[in-house]
Each structure stands twice: as structure tokens, then as C-alpha cells.
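The values are calculated or read from the model by the stated rules, or taken from the named source; none is laboratory data. Small disclaimer: the values here were computed from a predicted structure and weren't measured. A quick note on method: Cβ atoms are made from the backbone with ideal geometry, for glycine too, and the neighbour counts reach across all protein chains shown.
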Amino acid sequence: MLNELDKIKEDIQKDITSLSILQIKGKYLSKNGVLAVMFKNIKNIKADQKSEYGKTLNELKTYLEDRIDEEQGKIKIENSNRKIDPTAPFDVNTSKDKRPHILDLKGSSHPLMQELEKMLDIFQRMGFDILESRQIDDDFHMFESLNFPKGHPARDMYDTFWTDDGFVLPAHTSTMQNRALRRLGPPPIRVVLPGRCFRNEATDASHEHTFYQIEGIYVDEGISMGHMQATIKEYLEQYLEKDLEIKMQPAYFPFTEPDVEFVISCPFCNKVGCTTCGNSGWIELMGCGMIHPNVLTAGGIDPQKYTGFAWGVGLDRLTAIKRGISDIRKLRDGDINFLRQL
């Protein structure tokens with residue numbers, strides 16, 4: 001039996017370096033722990049060995065308790081020497097090996113936010129202000145201020161989400177045009193309006209019900225379509241890091257006149273044809289045009305003195321084009337493995 005106690009002491013010496021204090025107490029000192037069982041077995045020891053056995057067992061228990069006290073003292077010294085940040089999240093102040101594993105996702109910034117920062121940096125260097133869009137708005141700013149009178153058939157172009165009390169989730173960042181014109185006027189006005197948009201439509205590889213858009217407005221005396229072409233072409237070339245050919249084709253938007261679709265040469269195949277451009281060599285990227293006089297008037301701007309242009313481009317689509325993403329829905333699937341590849 002004394003040899004058995006020697007074996008337990010060896011086990012304690014090993015466990016003290018590999019187990020936590022809580023685990024050691026549970027293994028040896030708990031109600032059903034190793035030492036507790038040994039004390040219960042004293043009654044089964046031969047009478048002439050009980051005294052020495054009991055003495056050795058008590059010495060073993062004392063030895064274990066001293067080692068536990070010693071380890072607890074070391075932990076207290078380590079904690080007292082370590083700088084604690086009381087403002088940090090829950091367990092940042094614990095030791096490294098006990099912290100939860102956190103995936104490195106480029107600082108946890110989503111690819112869309114990374115591209116938005118790049119785009120806004122380009123606009124700021126071009127002299128544009130930034131005004132964030134809203135995520136819920138009213139009928140006036142969504143439609144009426146943009147030359148959509150009640151009953152206008154063009155309202156059917158937008159499958160919008162409505163609340164029970166008559167508010168709308170913006171289907172485009174143009175919902176901010178009236179506020180921007182009034183807040184930043186009188187001209188010159190140069191501003192971009194980033195924000196989330198929502199449309200009640202079916203999703204596929206190139207369409208989502210929720211997406212980011214960047215609206216742009218430039219209003220001043222003597223502004224023309226030529227200024228619009230040059231401005232849009234410049235920021236796209238800076239963003240895509242590629243010289244582009246451009247062309248414009250007719251379109252219809254109630255809040256611009258004339259209205260066009262802005263088309264760029266495919267930056268990946270140089271107009272030869274690829275999957276990104278649908279083998280056409282060209283990509284229809286955004287709607288744009290000269291701001292309608294009715295929209296300027298609603299924004300407190302005299303259309304007889306000032307002109308301006310506006311555009312709206314989908315950030316999700318630009319991100320998919322630049323990063324070679326075939327399915328736009330992947331940007332919101334929350335697939336960690338996919339996001340780590342970007």
C-alpha cells in the first residue's frame with residue numbers, strides 16, 4: 001500500500017505541470033477524488049501498518065495542497081505584473097492560450113466596405129463631399145421630389161418595400177438628391193451619396209434584393225454632358241486601374257433629361273469577349289444623365305441658372321467586376337471560406 005502512495009505522488013508531480021488547478025482538485029481532493037478514496041480505505045489496512053500508512057497519506061495530502069498554493073501564487077504574480085485593459089472586450093485580458101480563436105479576415109472588414117472606402121477616397125480626391133443615404137424614407141423623397149408624381153407609371157419600375165405606416169425602404173440612393181441639393185446649395189454642389197438599397201425582386205447571379213449604391217451629383221453653372229462623361233470615366237479608370245473606352249446609349253429615368261446608360265469597355269478582355277461581359281466586349285454599368293429641371297426646382301435650385309448631372313452605380317456590381325466574383329449573392333451569404341479568399 002505504501003508503494004501505491006509513492007505512485008500517486010509521482011502522478012501528482014506530473015499532473016501539477018499539465019492540468020489546471022481546478023482539474024487537480026477535482027482529481028485528488030474532491031469527494032470522490034483519489035486521496036478521499038485512500039482515506040476511506042484506511043479501515044482495510046492491517047493494524048500494524050495503519051499508523052505509518054495514515055501518516056504518509058496525510059503528508060501526501062499536505063504536499064499536494066502546498067503545490068496547489070505554490071501554483072496559485074505564481075498565477076497571482078503573473079496577473080499583477082500584466083497590464084489590464086478594463087475597456088477591452090470580455091476575455092482579451094486572459095492568457096493567449098485561453099482566448100477564443102478569431103479568424104483573420106483582413107481586420108474583419110467586409111469586401112464591400114473595403115471597396116467602398118477605396119471609391120470614396122477617389123471621390124474625395126476629386127473634390128466631392130460625402131453624404132450617407134438613409135435606410136428608410138418617405139414617398140416625397142423617394143418619388144415626388146424626383147419627378148414621380150402620384151400615379152406616374154414610372155413608379156412601377158421600382159418594386160419597393162413599404163411599411164404599414166407609409167414609409168419606404170429606398171430602392172435607389174436618388175432618394176437623397178433633394179436633401180443634398182437643399183443642404184449643400186447654392187451651387188457649386190459636388191457630392192456622392194453612398195447607401196443601402198432594397199428592391200422586392202427575385203435574386204440571381206447578378207441581382208440581389210439588398211445592395212449598395214453610390215449616387216453622384218454635380219451642379220453648377222454651365223455643366224454639360226461632357227463634364228459628366230469625363231467625371232465618370234475618370235473615377236472608373238482610377239478604381240479599376242485600367243484605361244477604358246466609353247459609350248452611352250439611350251435610357252429613361254424620370255429624374256434626368258437626357259438620360260443614358262453608361263457603358264464601358266470590358267477591363268478584363270479588352271473587348272475581345274469574356275464571361276464577365278457576356279462575350280460582348282462591353283459592360284452596361286450605370287444609369288446617368290442631366291438632372292431634370294423639375295428635380296432642381298424641388299431642391300431649391302434655379303434651373304434657368306444652373307445645370308447638373310447625376311449618376312447611380314451599384315457598389316456590389318463594381319466589386320464583383322473588380323474581384324472576379326461570378327455570383328453577386330456570395331457577397332452576402334456569410335460564407336467565411338469564401339470571404340477569406342477575397
Set Ile328, Ile321: member being at negative phi and within 16 Å of the chain's Cα centre (by Cα): Ile328
Restricting the first residue to the stretch 226-241 and requiring it to be touching a residue at least 60 places away in the same chain (Cβ under 8 Å) and closer than 16 Å to Gly312 by Cβ, which pairs with a second residue that is surrounded by fewer than 16 Cβ atoms within 10 Å (Cβ to Cβ) and of a type in the set (Lys, Arg) meet a Cβ separation below 7 Å and a spacing of at least six or different chains? Tyr239/Lys118
Cβ-Cβ below 6 Å, separation at least six or inter-chain, first residue in the stretch 185-206 and over 25 Å from Asp121 (Cβ atoms), second in a strand (DSSP E or B): which pairs? Phe198/Phe161; Phe198/Leu169; Phe198/Thr210; Asn200/Phe161
Among the residues of the stretch 157-211, which ones are among the polar types (S, T, N, Q), within 21 Å of Thr319 (Cα to Cα) and buried (at least 19 other Cβ atoms within 10 Å of the Cβ)? Thr173, Ser174
Is it the case that the stretch 158-174 has a residue that's modelled with pLDDT under 80 and either small (Gly, Ala, Ser) or part of a helix (DSSP H, G or I) (or both)? no
Residue pairs meeting the criteria (Cβ under 9 Å; at least 6 apart or on separate chains; first charged (D, E, K, R), in the stretch 158-181; second surrounded by fewer than 21 Cβ atoms within 10 Å (Cβ to Cβ)): Asp159/Arg199; Asp159/Asn200; Asp159/Glu201; Arg179/Leu131; Arg179/Arg134; Arg179/His141
Subset tally (residues that are over 27 Å from the mean Cα position of the chain (by Cα) and not hydroxyl-bearing (Ser, Thr, Tyr)) for the stretch 191-224: 5
Go through (1) at pLDDT 90 or above; (2) under 30 Å from the mean Cα position of the chain (by Cα); (3) surrounded by fewer than 20 Cβ atoms within 10 Å (Cβ to Cβ); (4) closer than 26 Å to Leu131 by Cβ one by one and return the number of the condition Tyr235 breaks. (3)
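To keep it simple, each residue is scored yes or no on (1) assigned by TED's automatic domain parsing to the domain that holds Ser145; (2) touching a residue at least 40 places away in the same chain (Cβ under 8 Å); (3) assigned to a helix (DSSP H, G or I); (4) closer than 23 Å to Met228 by Cα.
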| site | (1), (2), (3), (4) |
| --- | --- |
| Cys274 | yes, no, no, no |
| Val295 | yes, yes, yes, yes |
| Asp302 | yes, no, no, yes |
| Gly312 | yes, yes, no, yes |
| Ile321 | yes, yes, yes, yes |
| Ser326 | yes, yes, no, no |
| Lys330 | yes, no, yes, no |
| Gly334 | yes, no, no, no |
Scan the stretch 279-293 for residues that are in contact (Cβ under 8 Å) with a residue 12 or more places away in the chain, on the phi > 0 side of the Ramachandran plot and surrounded by fewer than 21 Cβ atoms within 10 Å (Cβ to Cβ) and report the count. 1
